[in-house]
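J.: Take this structure first; my questions come after.
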Amino acid sequence: MHTQRMAVSVSVLALLTLAACGTESGSGSGDGSDTVQSDVPVTGVAWSVDSLTVGGKKTEAPEGSRLEIDPKGRAKAGFGCNHIGADARVEGDRITFGKPVSTQMACDETTEKAEKAALAAMDGEVTAKLSGEKLTLTTEGGDTIALSEEKPAGLVGTRWAVNTLLSGETATSVPADLPKERVPHLTFGEDGTVHGNSGCNSFHGKAAVKGSTIDFGPPAGTRKMCPEAEMEVERAVLAALDGPATYTIKGSTLTVTSKDGKGIGATATPAKSEGTQEHG
């Protein structure tokens with residue numbers, strides 16, 4: 001069954017600070033005409049993956065693809081299906097990735113291509129080149145990952161599609177083969193409410209936002225029964241949206257964590273995406 005999920009340790013990531021020394025002499029990554037900015041702090045920045053080029057073959061990254069590296073030396077990438085993690089040692093403009101590990105969800109063909117390209121590129125030493133809001137990681141063999149700095153989405157009014165379930169230090173992917181109308185999502189309103197779908201049923205409730213905390217009231221909604229995989233997702237989502245919780249937004253990614261460590265990771269999606277309407 002492709003709904004089986006493998007858990008991986010969560011490495012909540014900020015991003016590297018590049019301290020490139022002077023001008024870089026080309027390591028096979030560009031025409032040398034651009035001035036590379038040095039000493040530009042990028043720790044805490046969320047990066048959107050634009051494309052990956054491996055073996056001379058360019059792969060456009062699926063929408064919502066991301067890569068982050070934290071100051072503690074952990075990297076995490078995601079392309080809308082599996083979680084990819086690796087150790088990452090940063091020295092000046094060089095980053096050395098350890099052997100990447102990935103969860104083993106079955107994904108669509110486009111996502112699988114991007115994940116394979118990322119696994120190939122995130123293995124060994126790369127040169128990091130920062131130019132404005134663009135970051136390029138280039139391997140010694142000339143493979144590249146092109147990234148752009150993400151601007152944070154607003155909590156209120158954004159449709160958040162849930163793709164990760166958190167439990168303490170463990171993250172689990174939401175099954176990629178859920179029916180579109182069953183993909184959990186939520187939207188916060190200006191009036192202190194939240195509504196969406198928890199994986200099987202639609203729901204609505206109170207959500208009082210103050211600073212970096214959200215106090216969720218008891219949710220109300222439909223009470224249909226769905227296949228067990230969908231009910232399991234629903235239970236996890238509702239556990240995260242119960243009582244006081246903290247939240248962070250990095251680029252287009254929202255993380256909500258309750259006091260008992262239950263939480264969700266979600267990505268901002270267009271408001272008119274399929275499955276936005278909650279049917280009873």
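Taken together, the values in this text are just the output of simple stated rules run on the coordinates, not laboratory data. Here the structure is a predicted model, which is why all the values come from computation and not from measurement. All Cβ positions, even for glycine, are placed from backbone atoms using ideal geometry, and neighbour counts span all protein chains on display.
J.: I need two numbers for region 162-218: Rg to one decimal and Dmax as a whole number, Cα atoms only, in Å.
T.: 12.9, 35
J.: May I pose another question? For a Förster distance of 45 Å, can you work out the FRET efficiency between the beta-carbons of Lys72 and Glu109, rounded to the nearest 0.05?
T.: Efficiency, from the Cβ-Cβ distance: 0.85.
J.: Projected area of region 124-203, taken from the Cα convex hull and averaged over every viewing direction, in nm²?
T.: 8.8 nm²
J.: Any chance you could run the full-extension gain for Lys116 through Glu140? It's 0.36 nm times the residue separation minus the Cα-Cα distance, nm to one decimal.
T.: Residue separation times 0.36 nm, minus the Cα-Cα distance, leaves 6.9 nm.
J.: Continuing with the same structure: When you have a sec, figure out the Kirkwood radius of region 128-280 from all distinct Cα pair distances and drop it here in Å to one decimal?
T.: Hydrodynamic radius (Kirkwood, Cα only) of region 128-280 equals 16.5 Å.
J.: Sequence neighbours fewer than 8 away in the same chain don't count; with that in mind, list the aspartates and glutamates whose C-alpha is under 16 Å from Lys206.
T.: Filter leaves Glu190, Asp191, Asp215, Asp242.
J.: Please give, to one decimal in nm, the separation of the simple spin-label points placed at Glu60 and Glu190, each 7 Å out from Cα toward the Cβ.
T.: Here the answer is 3.5 nm between the modelled labels.
J.: May I pose another question? Any of Lys58/Lys134; Lys99/Lys262; Lys76/Lys151 with alpha carbons more than 27 Å apart? Name them for me.
T.: Lys99/Lys262
J.: For the peptides 60-68, 253-261, what is the packing order when you average, over each peptide's residues, the other Cβ atoms within 10 Å and list the highest mean first?
T.: Top of the packing list down: 60-68, 253-261.
J.: Please compute the length gained on full extension between Asp87 and Lys180, using 0.36 nm multiplied by the number of residues separating them and subtracting their Cα-Cα distance.
T.: 30.1 nm
J.: If the cut-off is 18 Å between C-alpha atoms, which aspartates and glutamates fall inside it for Lys113, apart from same-chain ones fewer than 8 positions away?
T.: Filter leaves Asp50, Glu60, Glu63, Asp123, Asp143, Asp177.
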